Amino acid sequence: MENANLYVVTGGPGSGKTTVLRELERRGYGFVPEVARQIIQEQVAQGGDALPWGDRARYTRMMLGRSIESYLAHTTRTGTTFADRGIPDTLCYARLIGLKDDAAIREACGSYRYASVVFLAPAWRKIYITDDERKQDYAEAERTTELMKAVYEECGYEVVELPKASPEKRAEFILQHL
């Protein structure tokens, strides 16, 4: 299943993905929020342990399930829509934590396809901050960015790196590359 109208914006934590996506939404484009952050917020509120600093395998399974649900929920959209991360982000996370059994994730990456161009927000020290859901240090953000690029390329996507620029300029860059 492929959705050529659903574009992924990915990258390491704190790289400005959501900010540029909000700018694209402001311009009238569809926006699909990040499921990983939603899971963290829900787990913290419920006292759950499916968290990057708790039961990481369970967190990964939840991320995969929610990512597939999100993909399927947005396949009927006909206009250009942008997703804050995609299913291959789950594969990247599984590799970052050393999860050995990633067969289901790899299968999902092959079964649920986004637009062929994926936009990668690089790690950017100037804007990087931590918060209640983002606890990684900057070095981990850089490692995540590198692995994310490799995973999306392995999955057959063309990865286009966003410039380190204002959200408005990044949005223009994305629109020029559709």
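The values are calculated or read from the model by the stated rules, or taken from the named source; none is laboratory data. Bear in mind that the values here come from a model prediction, so they are computed numbers and not experimental data. We place every Cβ from the backbone using ideal geometry, glycine too, and count neighbours over all the protein chains shown.
A few remarks follow.
- Residue within region 47-66 that is surrounded by fewer than 17 Cβ atoms within 10 Å (Cβ to Cβ), of a type in the set (Val, Ile, Thr) and farther than 19 Å from Ala115 by Cα present: no
- Conditions (1) loosely packed, with under 12 Cβ neighbours inside 10 Å; (2) farther than 20 Å from Val32 by Cα; (3) modelled with pLDDT of 95 or more; number of the one not met by Ser166: (1)
- Some residue of region 45-53 being of a type in the set (A, V, I, L, M), in a loop (DSSP other than H, G, I, E, B) and more than 18 Å from Thr144 (Cβ to Cβ): yes
- Of all residues making up region 15-34, the number that are small (Gly, Ala, Ser) and either surrounded by 24 or more Cβ atoms within 10 Å (Cβ to Cβ) or touching a Lys or Arg at 6+ places or on another chain (Cβ under 6 Å) (or both): 2
Quick grid of which residues meet (1) under 24 Å from Cys155 (Cβ atoms); (2) of a type in the set (Lys, Arg); (3) modelled with pLDDT under 90:
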residue	(1), (2), (3)
Gly16	yes, no, no
Arg26	no, yes, no
Ile39	yes, no, no
Gly48	no, no, no
Asp55	no, no, no
Arg61	yes, yes, no
Leu64	yes, no, no
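- Candidate set: region 146-161, residues that are assigned to a helix (DSSP H, G or I) and aliphatic (A, V, I, L, M); chosen: the one surrounded by the fewest Cβ atoms within 10 Å (Cβ to Cβ): Ala150
- Within region 6-32, tally of residues that are over 17 Å from Gly79 (Cβ atoms) and within 10 Å of the chain's Cα centre (by Cα): 6
- Residues located in region 73-91, provided they are at pLDDT 95 or above and not in a loop (DSSP other than H, G, I, E, B): Thr81, Phe82, Ala83, Asp84, Ile87, Pro88, Asp89, Thr90, Leu91
- Some residue of region 82-95 being crowded, with 19+ Cβ neighbours inside 10 Å, among the charged types (D, E, K, R), free of Cβ contacts under 8 Å to residues at least 60 places away in the same chain and touching a helix residue (DSSP H, G or I) at 6+ places or on another chain (Cβ under 9 Å): no
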